[in-house]
Structures are given as structure tokens and as C-alpha cells.
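Data block below; observations after.
The values are calculated or read from the model by the stated rules, or taken from the named source; none is laboratory data. Since we're looking at a predicted model, the values are computed, not measured. With ideal geometry, Cβ positions are generated from the backbone for all residues, glycine too; neighbour counts draw on all protein chains shown.
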Amino acid sequence: MEKIKHPLRTNVGHFLNKPVGYSREFEIDFSEIFIEPDLNANNLKGKYSFSRTSEGLLLQAELEADLEGQCSRCLEPMPVHVATHFEELYVFETRIKEELDEEEVPNDGYIELGIPFRDYLLLEMPINNICRPDCKGICLDCGQNLNLGSCEHNHGIEYL
Ligand SMILES: [Zn+2]
Ligand SMILES: [Zn+2]
């Protein structure tokens with residue numbers, strides 16, 4: 001089966017003729033997904049809705065996913081669970097933009113949800129991830145992963 005390249009590209013054209021206040025909710029559940037340009041997520045789940053407002057479309061989303069992280073002590077890859085909740089307003093382009101952080105509803109009616117999904121999920125990525133509470137880290141002199149064995153350098157109990 002061919003891999004879907006833009007699974008989060010969504011046609012919102014049919015919302016444009018709906019009355020203000022109209023809203024629809026969608027659910028997503030991807031066991032594995034690549035969000036361009038650089039995010040691999042597992043178990044991306046959640047729901048989002050688009051609501052028609054006088055200015056455009058309001059996207060509201062609640063998502064969770066497992067991202068590829070790295071232990072900050074030993075630098076080994078590890079999954080990191082993140083959850084996010086956000087809103088994003090897409091304004092009609094005919095309206096004069098008043099705020100710089102607003103997105104426009106694209107001319108072709110397709111919104112690439114991967115862009116906000118990626119941005120907001122990455123915002124939730126913690127800076128410090130530890131693969132296990134007693135992770136010994138790496139040797140700062142030779143890079144040896146001290147969980148796997150010691151090296152010729154003297155470490156005591158210091159952590160990275
Ligand atoms: Zn570690
Ligand atoms: Zn060493």
C-alpha cells in the first residue's frame with residue numbers, strides 16, 4: 001500500500017458556506033506518522049474541531065503522541081509522551097489581517113494540519129528526559145555509555 005504523504009491535509013472548503021457557529025469534530029488515531037519536515041510520531045491520537053466564526057475558522061485540538069526523544073544523561077533514544085491542547089484561528093484572506101499570528105484560510109481550501117500539530121507537540125517536549133532514574137550517563141572524556149559498562153576514566157557517582 002502506498003504511504004499517504006499528507007494524511008493531515010484537510011479540506012475545509014465546505015465550511016466556508018456554513019453559518020457562523022457551525023462546528024464539526026474529527027478524531028485521529030495514527031499508530032505511526034511522519035509529519036513534515038522532521039517529526040516522527042507514534043500513537044498520535046486525539047480530536048480536533050473546526051468552528052466557523054465571522055472571521056474564518058477556529059481550529060481547536062487536543063492531541064497526544066509518543067515522540068522520539070533522547071535521554072539527556074546517556075543520549076540514548078527514548079520515546080517521550082507529550083500531550084497538547086491548542087487553538088489556532090485561520091482567517092479569510094479577504095479580511096485585513098490585524099494580528100500577525102493569525103493564519104489564513106488557503107485559497108485551495110486545504111489546511112495542512114501537520115504544521116500546527118507538529119509545532120504544538122514539539123512545544124511540549126520536555127528539555128530533560130531521563131531514560132531511567134538511575135541512568136549513569138556517559139563518560140565526558142570518552143563518550144562511553146556508563147549503563148553498559150565502565151571505561152578507564154574515574155567517575156565516582158557524578159552524573160552528566
Ligand atoms: Zn539514560
Ligand atoms: Zn571514559
Region 45-76: number of residues that are touching a Gly at 6+ places or on another chain (Cβ under 7 Å) and surrounded by fewer than 16 Cβ atoms within 10 Å (Cβ to Cβ): 1
Picking from Asp119, Asp141, Asp134, which residue would you name as being more than 20 Å from the chain's Cα centre (by Cα), surrounded by fewer than 16 Cβ atoms within 10 Å (Cβ to Cβ) and more than 16 Å from ligand 2 (Cβ to nearest atom)? Asp134
Could you grab the pairs with beta carbons closer than 6 Å, sequence gap of 6+ or different chains, first residue in region 105-124 and farther than 18 Å from Asn42 by Cβ and in the same structural domain as Ser54 (by TED's automatic domain parsing), second one part of a helix (DSSP H, G or I) and not basic (Lys, Arg)? Gly109/Gly13
Among the strands (runs of 3 or more DSSP E) confined wholly to region 42-160, which include 2 or more residues that are modelled with pLDDT of 90 or more and hydroxyl-bearing (Ser, Thr, Tyr)? 77-91
